[in-house]
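Following this message is one structure expressed as structure tokens.
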Amino acid sequence: MQWFELLRPTARRPNVFADKYRERVTPAAYELLEAMFQYDPAKRPTAGDVLEHPYFTVEEPAPQQAIELQTLEGDWHEFESKALRKENEKRDKEARRAVQKEAASREKERKRPPSDAETMERDAKRVQTMPPPPVPEKEAA
């Protein structure tokens, strides 16, 4: 790296990484991580060196072939998965919005004042008809 000398840390600080992770990971893993986190790019291992490190070759669990991937159906690229997930979320959001809109329209319908035609129809049902006036009986002569 051409600017490494300018970017080199000016003050030496204690190795906090060693204090935190030496006990948490296996010795081979710690050795590999320490080599990968070197400031000087010339001292860092290459990708090939990392893959040949004992952490990947000797330590358990041993590497295995992913047999399950042979029978995997469909296209599982992250781009398609993300697009499918967004499409499903959009469809769900539209369905929720339609349900909310329908509920709001039902509530609005329930709360709206009755129209003139409805009022007249209701009033017509309430009108009481008076019984016809009694017919006077003819006097017997």
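Rule-based calculations on the coordinates, nothing more; no lab input. Keep in mind that what you see is a predicted model, and the values were worked out from it rather than measured. Cβ atoms come from the backbone with ideal geometry, glycine included; neighbour counts cover every protein chain shown.
Once the piece of chain linking Glu73 and Arg24 is laid out straight, how much longer is it, given 0.36 nm per residue of separation minus the C-alpha distance between them?
13.8 nm
Based on the inverse mean of 1/r over its pairs of different Cα atoms, what is the Kirkwood hydrodynamic radius of the stretch 74-113, in Å?
12.3
Where does each of 95-106, 60-71 land if you order them by average Cβ count within 10 Å, highest first?
Descending mean neighbour count gives 95-106, 60-71.
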